[in-house]
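The values are calculated or read from the model by the stated rules, or taken from the named source; none is laboratory data. These numbers come from a predicted model, not from an experiment. Backbone-built Cβ (ideal geometry, glycine too); neighbour counts: all protein chains shown.
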Amino acid sequence: MIRTRFAPSPTGYMHIGNLRTALYEFLIAKSGGGKFILRIEDTDRERLVDNAVDVIYDTLKASRITHDEGPDIGGPYGPYVQSERKNDYLKYALELVEKGEAYYCFCTKERLDNLKQEVNGQTVAKYDRHCLSLSKEEIEKNLENKVPYVIRQKIREGKTTFTDEVYGSITVDNEEMEDQILIKTDGFPTYNFANVIDDHNMNITHVVRGSEYLSSTPKYNLLYEAFGWDIPTYIHLPAVMKDAHNKLSKRNGDASFQDLVAKGYLPDAIINYIALLGWAPSENKEIFTMEELIEAFDIKGLSKSPAIFDPVKLTWMNGEYIKKLPFEEFYTIAESEFKSAVKRDDIDLKKLASYVQSRIGTLKEISEKVDFVDTLPDYGPELYVHKKMKTTLEMSLENLKSVLPVLENTEEWTNDSIYSEMLKLIESMGIKNGQMFWPVRTALSGEPTSPCGASELAELLGKEDTLVRIKKGIEKLEKALS
Ligand code: GLU
């Protein structure tokens, strides 16, 4: 059975690239009827951040990426939190020492620092295997005297070849690899060691992770071989880029799931968008529900060329998701945006929201779409000129002047009756609809575009404000024409 795992380090931040890894792992498992497991990799004790584990849970929950086993099953963080399994790793490392595949290293920091060399402008510090030649007695004496130690992997001679599902066949000369540390002086395993032990113990069949781990994979394979364990299928994913040369990074401000949600993107849209960041479906389609992704996902569609994160495309997709939301659901998530953008208490915010829903790419665009409600912007008279409808300043002035008394006399202040009163006037004047509606819409919104048409705006703003705004429009046009 397929078993995949998402193994985030709790950094307090869910990078879009990591979330994409989680999504692909989930999709690989689910599309093959397998299991998706969550593992918290917290062995780097210096980098622990408060609440960071919650960020992982909250993101996965909001993204509908549900794990099958693990942290919240069987204990606070369950059996799959690495820091809780510290002693297990030591046991495995000692097994390798026993087999001659690993060794104790007592080198001091000073000694290791002295090994550093400048090669082509880069600092390289390949371990010189000093402790590999220690005698049994020396090792025992050091251990007795509690000399701090690490345990290192003894890299065997030869070449290591493996196949990655995305990058193909890769061969590395073992000489290029360092005798990496497996157990640190604090007794915790390194990521490099723990991931192998855990993936084996958790029966992981497919390892999906960022391509930055590709170069370490041969070392992991040597560990699998040293233990005599099966090597999993590898799927390394290229980085998510900001542009052709730069990775999408924290500094860009929109690299994490949390950044995007704060910018008004919906989790479902983010997931749909990132599914396509490096994976091409076989059919020509872009909008996918999670169920459809599970149905359509195939490792063959993964690309090894880095994907560029395109906020414009994401905004488009998000707009599609916003449009499709049932209105009540949209209003629930958008209400606070409307409330903070419109302070007037006589406005039917729900009605306003119903006009805005299909016209935004993100929830954060709401305020700019509705800020004309509280205060009429100081617009220029040129807004009245609409080429297609052939409206001019003169015509707009004339039409506003004739609509004013009609609106003053409109008793029933509803969209329908305002609309039909205006229509009657249009007919009696023998003008085109737009030649009346455009100037009224402009006078009421003071914007080149508005979330709804003239009669809806009038109903929304109320009779009093409508008349005030139309009078202002008349004044503005008279001034411009004088
Ligand atoms: N803890 C690693 C990270 O967050 C996981 C790498 C892996 O999936 O093996 O990058």
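Assorted remarks:
- Look at (1) at pLDDT below 95; (2) loosely packed, with under 15 Cβ neighbours inside 10 Å and you find that Thr391 fails only one, number (2).
- Check on Leu260, touching a residue at least 60 places away in the same chain (Cβ under 8 Å) and either in contact with a strand residue (DSSP E or B) (Cβ under 7 Å, 6 or more places away or on another chain) or charged (D, E, K, R) (or both): no
- Of everything listed in (1) in contact with a strand residue (DSSP E or B) (Cβ under 6 Å, 6 or more places away or on another chain); (2) buried (at least 16 other Cβ atoms within 10 Å of the Cβ); (3) part of a helix (DSSP H, G or I), the single unmet condition for Leu132 is (2).
- When residues of the stretch 11-41 are limited to those that are in a loop (DSSP other than H, G, I, E, B) and surrounded by fewer than 22 Cβ atoms within 10 Å (Cβ to Cβ), the one farthest from the ligand (Cβ to nearest atom): Gly33
- Selection status of Ser367, surrounded by fewer than 19 Cβ atoms within 10 Å (Cβ to Cβ) and part of a helix (DSSP H, G or I): yes
- Lone qualifier among Leu423, Leu477 - being farther than 24 Å from Arg344 by Cβ, in contact (Cβ under 8 Å) with a residue 60 or more places away in the chain and over 45 Å from the mean Cα position of the chain (by Cα): Leu477
- For beta carbons closer than 7 Å, sequence separation of 6+ or different chains, a first residue in the stretch 176-197 that is over 10 Å from Thr43 (Cα atoms) and without any contact (Cβ under 8 Å) to a residue 40 or more places away in the chain and a second that is of a type in the set (Lys, Arg) and buried (at least 18 other Cβ atoms within 10 Å of the Cβ), the qualifying pairs are Gln180/Arg152; Gln180/Lys219; Asn192/Lys219.
- Hits in the stretch 216-247 - residues which are part of a strand (DSSP E or B) and either free of Cβ contacts under 8 Å to residues at least 60 places away in the same chain or within 14 Å of the ligand (Cβ to nearest atom) (or both): Thr233, Tyr234, Ile235, His236, Leu237, Val240, Lys247
Quick grid of which residues meet (1) within 23 Å of Lys35 (Cβ to Cβ); (2) more than 10 Å from the ligand (Cβ to nearest atom); (3) of a type in the set (S, T, N, Q):
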residue: Asn174; (1), (2), (3): no, yes, yes
residue: Leu182; (1), (2), (3): no, yes, no
residue: Tyr191; (1), (2), (3): yes, no, no
residue: Val196; (1), (2), (3): yes, no, no
residue: Asn201; (1), (2), (3): yes, yes, yes
residue: Ile204; (1), (2), (3): yes, no, no
residue: Arg209; (1), (2), (3): yes, no, no
residue: Leu214; (1), (2), (3): no, yes, no
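- Among the residues of this structure, Thr466 does not count as one that is outside any loop (DSSP other than H, G, I, E, B) and touching a Pro at 6+ places or on another chain (Cβ under 9 Å).
- Residues in the stretch 51-101 that are part of a loop (DSSP other than H, G, I, E, B) and modelled with pLDDT of 80 or more: Asn51, Ser63, Arg64, Ile65, Thr66, His67, Asp68, Gly100, Glu101.
- Subset of the stretch 370-400 (residues that are in contact with a Lys or Arg (Cβ under 9 Å, 6 or more places away or on another chain) and either more than 11 Å from Met436 (Cα to Cα) or assigned to a loop (DSSP other than H, G, I, E, B) (or both)): Val373, Asp374, Leu376, Tyr379, Gly380, Pro381, Met389, Lys390
- The set of residues from the stretch 305-348 being in contact (Cβ under 8 Å) with a residue 40 or more places away in the chain and loosely packed, with under 12 Cβ neighbours inside 10 Å comprises Ser305, Asp346, Asp348.
- Where a residue in the stretch 274-299 is among the hydroxyl-bearing types (Ser, Thr, Tyr) and its partner, wherever it lies, is surrounded by fewer than 17 Cβ atoms within 10 Å (Cβ to Cβ), with Cβ under 8 Å and at least six apart: Ser282/Asp298; Ser282/Gly301
- Inter-residue pairs, beta-carbon under 8 Å, first over 16 Å from Pro306 (Cα atoms) and in the stretch 202-214, second assigned to a helix (DSSP H, G or I) and more than 11 Å from the ligand (Cβ to nearest atom), 6+ apart: Met202/Tyr80; His206/Ile28; His206/Ala29
Here's the yes/no breakdown for (1) of a type in the set (S, T, N, Q); (2) modelled with pLDDT of 95 or more:
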residue	(1), (2)
Gln122	yes, no
Val147	no, yes
Gln153	yes, yes
Thr163	yes, yes
Tyr167	no, yes
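Conditions tested, residue by residue: (1) out of contact with any Phe, Trp or Tyr (no Cβ under 9 Å at 6 or more places or on another chain); (2) assigned to a loop (DSSP other than H, G, I, E, B); (3) surrounded by 12 or more Cβ atoms within 10 Å (Cβ to Cβ).
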{"residue": "Glu110", "(1), (2), (3)": "yes, no, no"}
{"residue": "Glu118", "(1), (2), (3)": "yes, no, no"}
{"residue": "Lys141", "(1), (2), (3)": "yes, no, yes"}
{"residue": "Arg156", "(1), (2), (3)": "yes, yes, yes"}
{"residue": "Thr160", "(1), (2), (3)": "yes, no, yes"}
{"residue": "Ser169", "(1), (2), (3)": "no, no, no"}
{"residue": "Glu175", "(1), (2), (3)": "yes, no, no"}
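- Top-ranked residue of the stretch 203-230 - restricted to ones that are of a type in the set (A, V, I, L, M, F, W, C) and out of contact with any strand residue (DSSP E or B) (no Cβ under 7 Å at 6 or more places or on another chain), ranked as surrounded by the most Cβ atoms within 10 Å (Cβ to Cβ): Ala226
- Residue match in the stretch 24-41 (condition: touching a helix residue (DSSP H, G or I) at 6+ places or on another chain (Cβ under 6 Å), among the small types (Gly, Ala, Ser) and at pLDDT 85 or above): yes
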